[in-house]
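The values are calculated or read from the model by the stated rules, or taken from the named source; none is laboratory data. Keep in mind the model is a prediction, meaning the values are calculated, not measured. Here Cβ is always computed from backbone atoms with ideal geometry, including for glycine, and neighbour counts include all displayed protein chains. Areas reflect the complete protein model, heavy atoms only, side chains present, ligands, DNA and RNA absent. Shrake-Rupley method; radii C 1.70, N 1.55, O 1.52, S 1.80 Å.
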Amino acid sequence: MPESAMQNTPEHHRRKRYSGKYPRRFEEKYKEHQPEKYQNDIEKIISKGKTPAGMHIPIMVNEILDFLNIQPGQIGMDATLGYGGHSEKMLECLQGKGHLYATDVDPIESVKTEARLREKGYGPDLFTVRHMNFRNVDQVAEPKFDFILADLGVSSMQIDNPARGFSYKTDGPLDLRLNPEEGESAAERLRSLSQEDMIHMFIENSDEPYADKIAKSIIKAYHKGNSIDTTTALRNIIAETLSFLPEKEQKDSIKKSCQRVFQALRIDVNSEFPVLYDFLEKLPSCMNPGGRIAILTFHSGEDRIVKQFFKEGKRQGLYQDVARDVIRPSKEECFINPRAHSTKLRWAIVSDMNN
């Protein structure tokens, strides 16, 4: 082979082998990271009620599409692009006419998602991705929207990747930022808080019943010169703090407190409540008369905010109708996708008099 050809030939790298029958580490799950190549394997994983690594299963797709009632030619927005599952279904409804805008602050996953949807034929004439926070909904596009979806949950790709630090189940840096290129990491934020501020955050953001005890343990660890820079370090402190509980209660209580503390930190690091407030305040002025808004929430704090804004908006005449009760995913969907369990869908229809 000529030397020039040898130089242009990409170097072959063998796939890393794993021990045991099934891969356990995130980076070893090569089939799950290539769903288009291993479709049968992916379907088997989903049928067992698991979410394949590097993927995200969109939640309540049918309920959302039934409400939004998307028509060809309309202008819409997916406020949280994520893996693009909802966006793809909305694009199908447009049938090549109209436009869908999508926003996402995650510079890692949004690029992958945009490339994946481009490969499926959704070009710039029909689909636009803006790498920005959805709190700036008024800056996304000139035309007003006929429909908007906001899925406020964290994507499975972010949760599953240990390098992002979203899960207490795997060891990784205590980061939790949706955009790891901006702002403080969770480790930096935690270090800057006083005990009282920490207690307030744990209660306000996740209703943690052991907030005072956990905060006291964290501060004590800092005073001893210990660092809390990894997900495992924080999980261990929570576990140690709750060791006073009866043995039969410990495992479940530690799990739930870990979930709540990590949630509280994620909300704080990403300013999720202020972002949601800004988004909801701007929404009515960004919508066409009769425009439809669907919002998926995943914990009580988010749901209360959305409920209050929609209720007040209707009182002011901004919305002609709003959801009186939340819509929940079916038992069948929760079985296939356990991460759907806590989901609540609320909707609103903009007043016909909206300007």
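What pairs in Lys282/Lys344; Lys144/Lys307; Lys311/Lys344; Lys213/Lys331; Lys224/Lys248; Lys120/Lys282 have C-alpha atoms more than 26 Å from each other? Please report the intermediate quantities before stating the final value.
Working: Lys282/Lys344 22 Å; Lys144/Lys307 23 Å; Lys311/Lys344 16 Å; Lys213/Lys331 36 Å; Lys224/Lys248 30 Å; Lys120/Lys282 32 Å.
Cα-Cα > 26 Å for Lys213/Lys331; Lys224/Lys248; Lys120/Lys282; rest within.
Beyond 15 Å, what percent of the Cα pairs of segment 145-254 remain?
Numbers: 4175 of 5995 pairs.
Percentage above 15 Å: 70.
Before I look further, what does segment 306-355 give for accessible area per residue, probe 1.4 Å, in whole square angstrom?
I get 63 Å² per residue for segment 306-355.
Taking the solvent-accessible surface of protein heavy atoms with a 1.4 Å probe, what is the per residue accessible area of segment 194-294 in Å²? If you can, show how the numbers build up before the last one.
Numbers: 4900 Å² over 101 residues.
Here the residues of segment 194-294 average 48 Å² of exposed surface.
Shape of segment 303-350 from its Cα gyration tensor (a ≥ b ≥ c, root eigenvalues): rounded if a/c is under 1.5, otherwise prolate when a/b > b/c, or oblate?
Values: a/c = 4.46, a/b = 2.84, b/c = 1.57.
Prolate, since a/c reaches 1.5 and a/b exceeds b/c.
Calculate the spin-label point distance for Lys220 paired with Ser285, positioning each point 7 Å from the Cα along the beta-carbon direction, and give it in nanometres.
5.0
What's the local net charge at Leu65, with K and R +1, D and E -1, over the other residues with C-beta under 12 Å away? Walk me through the intermediate numbers first.
Working: positive: Lys89, Arg292; negative: Glu63, Asp66, Glu88, Glu92.
Residues close to Leu65 contribute a combined charge of -2.
How long is the gain from Ser253 to Glu204 if the chain were fully straight, where each residue apart is worth 0.36 nm and the alpha carbon distance is subtracted?
15.8 nm
How large, in percent, is the carbon and sulfur part of the accessible surface of segment 91-238 at a probe radius of 1.4 Å?
Numbers: 3210 of 6910 Å².
The nonpolar share, carbon plus sulfur, comes to 46 percent.
Quick check: convex hull of the Cα atoms in segment 252-311, volume per residue, rounded to a whole Å³?
Details: hull volume 5.0 nm³, N = 60.
Dividing the Cα hull volume of segment 252-311 by its residue count gives 83 Å³.
Suppose the chain between Lys169 and Lys213 were pulled fully straight at 0.36 nm per residue; how much longer would it get relative to their current alpha carbon spacing?
Extra length available between Lys169 and Lys213 comes to 13.7 nm.
Quick one: compute the contact order of segment 159-263, relative version, from alpha carbon pairs under 8 angstrom and 6+ residues apart, as a percent. Walk me through the numbers on the way to the answer.
Values: 118 pairs, mean separation 30.3, N = 105.
With pairs under 8 Å counted, the relative contact order is 29 percent.
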